[in-house]
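Undergrad: I am attaching a structure below and will ask some questions about it afterwards.
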Amino acid sequence: MKISVLQENLARGLSIVSRAVSPRSTLPVLSNILVATDGGRLRLSATNLELGITCWISAKIEEEGSTTVPSRTFTDLVSTMPPEQADMVLEESTQTLNVKCGSLNTDIKCIDAQEFPPMPTPDQDAEIEINVKDLKEIISQVAFAASKDEARPILTGVLVTAEDSTITMAAADGFRLSVRSMDLSANVEKPIKAVIPARALEELARISSDANEVITMTLPPGRGQVIFRTKDVELASQLIEGTFPDYQQIIPKSYQTRTLLTTANFLKACKQAEIFAREGSLIAQINVIPGSEEMIPGKVEISGRSEETGFSQAVLEATIEGPDVLIAFNVRYLREVLDIIKTPNVALETTKSTSPGLIRQVGEDGFIHVIMPMHLGD
């Protein structure tokens with residue numbers, strides 16, 4: 001293998017694929033990145049056997065070939081190189097990669113590419129196309145609600161369903177639920193239902209940079225995998241086996257009180273309450289007080305308390321439909337969902353202090369977030 005590549009292209013490609021490298025593996029080759037010539041471009045691949053990422057970058061190919069390079073060594077080295085052309089030559093007999101760039105001349109000990117696991121190939125017959133901008137938005141509004149607890153693997157994933165011209169993602173951790181639906185540009189050939197690890201979707205959002213690009217999603221039959229592909233990047237992930245809970249059962253079908261708030265003000269009040277609530281049990285009290293008949297506006301009191309550090313309360317004007325209600329939520333959960341709300345105003349729908357609350361974007365359908373209440377105490 002003999003190739004020339006710009007340092008900035010190489011650095012960008014390594015930053016994309018290196019997140020899939022296995023840091024602690026019994027297989028040394030999984031700590032490496034595959035470097036291979038492929039159709040006139042340079043292909044970089046990394047995998048931990050659950051998640052695999054491939055990136056293609058422009059390069060001048062003088063001799064075809066492939067090897068696997070230690071990820072940390074190679075990434076750190078490339079980051080120190082000047083923004084110039086890097087020349088790389090592989091000595092196949094010793095699996096030594098010589099890298100020259102500017103004043104740098106170094107040899108890196110590699111592992112034969114034949115030991116690297118084969119990367120999956122997409123099935124072009126069963127694709128879903130979605131705009132990158134839309135995909136990043138739907139992931140941002142759902143994946144954060146997935147569980148981090150490996151004791152219930154199914155909840156560490158995001159349920160993805162697609163039927164007709166609609167794609168829906170849902171994630172829950174037992175205390176909250178986030179659901180987002182979005183229209184596709186074309187009908188899907190057959191309904192799709194799969195649980196994709198939240199981490200894989202978050203990585204996909206991170207590496208998908210061109211907002212105008214279209215990304216394709218395929219689920220090759222019988223492989224238990226999902227593959228996402230753009231022009232220059234491919235991400236493959238194992239699916240999570242098991243049955244995702246029927247989340248429709250926990251979505252409130254009605255409410256007694258509907259409170260409309262300015263998203264930015266609600267978010268700021270939650271951040272203030274969290275400063276104190278984080279010292280305790282993260283409880284934020286939400287006291288919804290409707291206005292009177294004399295046209296006095298309704299108000300919402302949002303408070304956080306800690307025995308050690310003190311008490312904080314913010315009072316916000318609100319448009320309130322229904323009776324007063326006092327309810328408590330995990331303030332971190334409130335703050336995290338308000339962080340991803342895209343509309344200027346938000347609706348909080350409640351029934352009573354012991355029933356879940358439901359958050360909606362005002363003026364935009366397709367997103368709902370359910371938060372379980374916390375005990376108010378005496």
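Laboratory data are not the source of any read-out in this text; all were calculated from the coordinates shown. Only a predicted model underlies this, so the values are computations on that prediction, with no experimental measurement involved. Here Cβ is always computed from backbone atoms with ideal geometry, including for glycine, and neighbour counts include all displayed protein chains.
Undergrad: Multiply the residue gap between LYS133 and VAL214 by 0.36 nm, knock off their C-alpha separation, and tell me the result in nm, one decimal place. It would help to have the intermediate numbers written out before the result.
TA: Values: separation 81, 0.36 × 81 = 29.16 nm, distance 0.87 nm.
Value of the extension gain: 28.3 nm.
Undergrad: Tell me the net charge near LYS148. Cut-off is 11 Å between Cβ atoms, LYS148 excluded, with +1 for each Lys or Arg and -1 for each Asp or Glu.
TA: Working: positive: ARG152, ARG199; negative: ASP149, GLU150, ASP173.
Net of charged neighbours comes to -1.
Undergrad: How large is ³J(HN,Hα) for each residue in region 40-55, as worked out from phi by the Karplus curve 6.51 cos²θ - 1.76 cosθ + 1.60 (θ = phi - 60°), to whole Hz, x for Gly and Pro?
TA: Going residue by residue, I get x, 10, 9, 9, 10, 9, 9, 8, 10, 6, 9, 10, x, 10, 10, 9 Hz, with x marking Gly and Pro.
Undergrad: Also: With a/c under 1.5 counting as rounded, go ahead and sort region 2-115 into rounded, prolate or oblate using the C-alpha gyration tensor (a ≥ b ≥ c being the square roots of the eigenvalues; past the cut-off, prolate if a/b is larger than b/c, else oblate). Mind dumping the intermediate values first?
TA: Working: a/c = 1.44, a/b = 1.35, b/c = 1.06.
Note, shape of region 2-115 comes out rounded.
Undergrad: Is the C-alpha gyration tensor of region 163-215 telling us rounded, prolate or oblate? Criteria: a/c under 1.5 is rounded; beyond that, a/b larger than b/c is prolate, otherwise oblate.
TA: Numbers: a/c = 1.99, a/b = 1.12, b/c = 1.78.
The shape class here is oblate.
Undergrad: Could the peptides 191-204, 357-370 be put in order, highest first, of the mean number of other beta-carbon atoms found within 10 Å of their residues?
TA: The packing order, highest mean first, is 191-204, 357-370.
Undergrad: Placing +1 on the Cβ of each Lys and Arg and -1 on the Cβ of each Asp and Glu in the chain, which of PRO245, SER353, THR73 has its Cα farthest towards the positive end of the resulting dipole?
TA: Of the candidates, SER353 comes out farthest on the positive side.
Undergrad: Enumerate the calculated ³J(HN,Hα) couplings along region 276-281 in order (Karplus 6.51 cos²θ - 1.76 cosθ + 1.60, θ = phi - 60°), each rounded to whole Hz, writing x wherever the residue is Gly or Pro.
TA: 8, 5, 5, 6, x, 9
Undergrad: I've got another one for you. For the chain, what relative contact order do you get, as a whole percent, if you take Cα pairs closer than 8 Å and at least 6 residues apart? Kindly include the intermediate steps, with their values, before the conclusion.
TA: Working: 884 pairs, mean separation 46.5, N = 378.
Computed value for the chain: 12 percent relative contact order.
Undergrad: Amide H to amide H under 5 Å from LEU184: which residues, 5+ apart in sequence or cross-chain, H placed 1.01 Å off N in plane?
TA: Long-range HN contacts for LEU184: THR166, ILE167.
Undergrad: Moving on. Sum -39500 (n - 2.57) across every DSSP H segment of at least 4 residues in the chain, then divide by the residue count to get the 222 nm mean residue ellipticity, nearest 500.
TA: Working: 6 runs with 64 residues, N = 378.
Rounded to the nearest 500, the figure is -5000 deg cm²/dmol.
Undergrad: Moving on to the next point. By the gyration tensor of its Cα atoms, with a ≥ b ≥ c the square roots of the eigenvalues, what is the shape of region 206-265: rounded for a/c under 1.5, prolate for a/b over b/c, or oblate?
TA: Taking the square roots of the gyration eigenvalues as a ≥ b ≥ c, region 206-265 is oblate.
Undergrad: A follow-up question, please. Take the chain, connect every pair of alpha-carbon atoms lying under 10 Å apart with a spring to form a Gaussian network, then pick out the residue of SER140, SER209, SER181 with the largest mean-square fluctuation.
TA: Of SER140, SER209, SER181, the Gaussian network model singles out SER209 as fluctuating most.
Undergrad: How large is the charge dipole for the chain, taken about the Cα centre, if only the Cβ atoms of Lys, Arg (+1) and Asp, Glu (-1) carry charge, to the nearest 20 debye?
TA: Details: 35 positive and 51 negative charges, 111 e Å.
Once rounded to the nearest 20, the dipole reads 540 debye.
Undergrad: Once you list every other residue whose beta carbon is under 13 Å from the beta carbon of LEU42, what net charge do they have if Lys and Arg are +1 and Asp and Glu are -1?
TA: Numbers: positive: LYS2, ARG12, ARG41, ARG43, LYS60; negative: ASP38, GLU62, GLU63, GLU64, ASP87, ASP232.
Residues close to LEU42 contribute a combined charge of -1.
Undergrad: Now for a different question. Given 10 °C and 1.306 mPa s, how large is the Stokes-Einstein diffusion coefficient of the chain in µm²/s, with Rh as the Kirkwood radius over Cα pairs? If you can, show how the numbers build up before the last one.
TA: Numbers: Rh = 23.4 Å.
Estimated via Stokes-Einstein, D reaches 68 µm²/s.
Undergrad: Now for a separate question. Residues with amide H under 5 Å of GLN256's amide H, sequence separation 5 or more or different chain, H placed in the peptide plane at 1.01 Å from N; which?
TA: For GLN256, the qualifying residues are THR350, THR351.
Undergrad: Quick one: net charge around ARG206, please, counting Lys, Arg +1 and Asp, Glu -1 for every other residue with C-beta under 10 Å from its C-beta. List each step's numbers first, then the result.
TA: Details: positive: ARG19, LYS136; negative: GLU202, GLU203.
Net charge around ARG206: 0.
Undergrad: Output wanted: per-residue J couplings in Hz (rounded whole) for region 23-32, from phi through Karplus 6.51 cos²θ - 1.76 cosθ + 1.60, θ = phi - 60°, x for Gly and Pro.
TA: Per-residue couplings from phi come out as x, 10, 9, 6, 9, x, 5, 6, 8, 10 Hz.
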